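Following: one structure in structure tokens, then a few remarks.
The values are calculated or read from the model by the stated rules, or taken from the named source; none is laboratory data. What you see is a predicted model, and the numbers here were worked out from it, not measured in a lab. Positions of Cβ are backbone-derived with ideal geometry, glycine not excepted, and every protein chain shown enters the neighbour counts.
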Amino acid sequence: MMRSLLLIAAVGLLFVSCQSSGSAGALADWDTFGEAVSATEPITVEALLADPDTYADKTVVVEAPVEAVCKKKGCWMTFQSGDDSVRITFKDYGFFVPMDIPGRTVRVEGVFSIREVPVDEARHYLEDEGRTDEAMAIVEPQRTYEIVAVGVAARPLG
């Protein structure tokens with residue numbers, strides 16, 4: 001009798017713990033770069049950029065397809081929403097993402113910020129993408145949206 005009660009209790013605890021894992025369980029088969037991304041419910045890039053001041057200087061979890069990546073070593077990537085983009089860099093230059101990641105859906109966790117990027121830095125980013133003509137057209141500082149990520153989870157290919 002006691003054994004049956006213990007077995008029922010153990011199965012019940014297992015069931016509850018599996019249910020509470022939520023999106024963390026959903027990320028279990030995703031490729032991880034940097035730290036593991038928390039189970040916090042992600043927001044979309046559209047939601048982030050609809051009211052960027054609300055999220056400025058706060059930790060966010062954003063899920064979106066990758067638009068572009070640094071073609072030299074995977075040291076940054078971008079999300080796109082309409083005419084706006086969000087540049088994702090990696091905390092302390094501590095990890096990189098694969099250079100074939102554009103198009104894959106990723107979940108990023110990090111601190112979101114809004115800043116003015118000097119002309120030379122804005123040009124450098126475009127040159128890293130191979131967009132030299134567009135880079136030379138930049139003649140004034142650019143307002144940018146950025147996330148310094150501590151972790152990235154990428155949906156598996158296939």
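What are the residue pairs meeting all of these: first residue in the range 25-48, first residue in contact (Cβ under 8 Å) with a residue 24 or more places away in the chain, second residue assigned to a loop (DSSP other than H, G, I, E, B) and of a type in the set (D, E, K, R), Cβ atoms under 7 Å, and 6 or more apart or on different chains?
W30/R155
Looking at the range 123-155 only, could you name the residues that are without any contact (Cβ under 8 Å) to a residue 24 or more places away in the chain and polar (S, T, N, Q)?
T132
Condition (residue is among the acidic types (D, E), modelled with pLDDT of 95 or more and on the phi > 0 side of the Ramachandran plot) applied to the range 37-48: is it met by at least one residue?
There is no residue in the range 37-48 that is among the acidic types (D, E), modelled with pLDDT of 95 or more and on the phi > 0 side of the Ramachandran plot.
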